[in-house]
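To start, the structure under review is shown below, and the notes come after it.
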Amino acid sequence: MKKVLALLLVTIMLVTVFVGCTPKEEAVAPEGEEKITIGLSLPTQREERWVRDKEKMEAVAKELGVELIVKVADANMQEQISQVEALLAQGIDVLILAPHDASAAASLVDKAKQEGIPVISYDRLITNTDVLDIYISFDNVKVGELQGKYITEQVPEGKYILMSGAPTDNNAKLFKEGAMKYIQPLIDSGKITVIAEQAVENWVPENALKIVEAALAANNNEVDAILAPNDGTAGAAIQALAAQGLAGQVPITGQDAEKAAAKRIVDGTQSMTIFKDTRDLGKAAIEVAIQLAKGESVAANGAVENGKIDVPSVLLEATVVTADNIQEVLVKSGYITEADLR
Ligand code: BGC
């Protein structure tokens, strides 16, 4: 009987120790795990969308309990290089890099990888590197196709001004490539005449303003359509049109679903914009960064060629927004408010 009692006691003690241990061990394990630190380098905050990307990534990082160190270069590659070097020196676990200059950023990827830090190319592709881990963006050729399809449907023949984005931004190339799938055949058949074709250096609206002002002046104000690569450049083009009393009379594209553009669409001076939900993009980037930091594999849904390799890519969908669906797409989804439209 004594033996049985002793055995029982030992069993009870063991169970207590074991049970007592389990939650303690569980509580200790996450604490023992090192906190993940993500470095984020953004090219600018000049366009509203980049402000939204930053805000979303900060919110998701907080929610998921990871540290996010953010640096913003003011559309200046030298500044971005020193900021990323500082991030690498701080001991980040993973780098999210949206390059100001696609090919100049390659050396930063190489440097990070030499230190064993995975790199995500965010929104804009980093070219000429063969060690990039992943590209997270939208289907940017498709974005251009949506712009080209829209404008050629509105204006199947006539005089066009074709603007493209910053030559240093690989996206600009992809947007133009997509748009020209629709525009080029109509140029070839003689239906469309291009009266000006120019890249907007650094995506600066002031540069777009000059391009459109010059084209209007040289063509006696005779223009039928404008391909503007984003809302910032569209706004500037509309300013040039307005100065000639032509705002609202010339179909014009855009991109980014900026508040000012949404208002212009409602007012009838801008024809469309492309909605790329930066909330989804920012969230995806932080989630993928955590997976990479943990050494987990990441599910890509495409690949984009960067001059050296086909970079595994996560590409999200973009949507055309016009006066017809602006309520549905932008207001109902909470991207902008009713008040923004007024
Ligand atoms: C982005 C656009 C943006 C442009 C200027 C591009 O790389 O994809 O959304 O308007 O840069 O910042």
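Observations on the model:
- Here, the chain is characterised by an Rg to Rh ratio of 1.16, where Rg is the alpha-carbon radius of gyration and Rh the Kirkwood radius.
- Mean Kyte hydropathy of 1.0 or more with a Cα span along the axis of at least 15 Å, helices from DSSP in the chain: 2-32
- Nearby aspartates and glutamates by direct alpha-carbon distance to LYS294 (threshold 17 angstrom, same-chain neighbours under 8 apart not counted): GLU31, GLU33, GLU34, GLU67, ASP93, GLU115, ASP133
- Per-residue Cβ neighbour rank within 10 angstrom, fewest leading, THR278, THR44: THR44, THR278
- In this label model, ALA89 and ASP130 are separated by 3.1 nm, measuring between points 7 Å along each Cα→Cβ vector.
- Other residues within the sphere of radius under 13 Å centred on the Cβ of ALA261, judged by their own Cβ, net out at -2 (K and R +1, D and E -1).
- Straightening the chain between GLU63 and GLN244 buys 60.2 nm, computed as 0.36 nm per residue apart minus the Cα-Cα spacing.
- Note on LYS71: lysines with a C-alpha under 21 Å away, same-chain residues under 8 apart excluded, are LYS35, LYS54, LYS56, LYS62, LYS111, LYS113, LYS283.
- Dipole of the stretch 101-229 [Lys/Arg +1, Asp/Glu -1 at C-beta], most positive-end residue of LEU216, PRO156, SER103: PRO156
- Classification of the stretch 262-342 by its C-alpha gyration tensor yields a prolate form. The axis ratio a/c (a ≥ b ≥ c) is 1.5 or more, and a/b outweighs b/c.
- Estimated distance in nm for a label pair at THR337 and SER107, the labels positioned 7 Å out from Cα along Cα-to-Cβ: 4.6 nm
- Alpha carbon centroid spacing (whole Å) that separates the stretch 46-124 from the stretch 294-326: 18 Å
- Distance between modelled label sites at LYS263 and GLN78, nm, 7 Å Cα→Cβ extension: 3.6 nm
- Annotation: aspartates and glutamates with alpha-carbon distance below 18 angstrom to LYS176 (same-chain offsets under eight excluded): ASP101, ASP123, ASP139, GLU145, GLU153, ASP188, GLU197, GLU201, ASP231, ASP256, GLU305, GLU317.
- Three-way shape label, the stretch 207-342, alpha-carbon gyration tensor, a/c 1.5: oblate
Read-outs: derived from the displayed coordinates by stated rules, not from any lab. Everything numeric in this text was worked out from a predicted model, so none of it was measured. Glycine also receives a Cβ, built like all others from the backbone with ideal geometry; neighbour counts cover every protein chain displayed.
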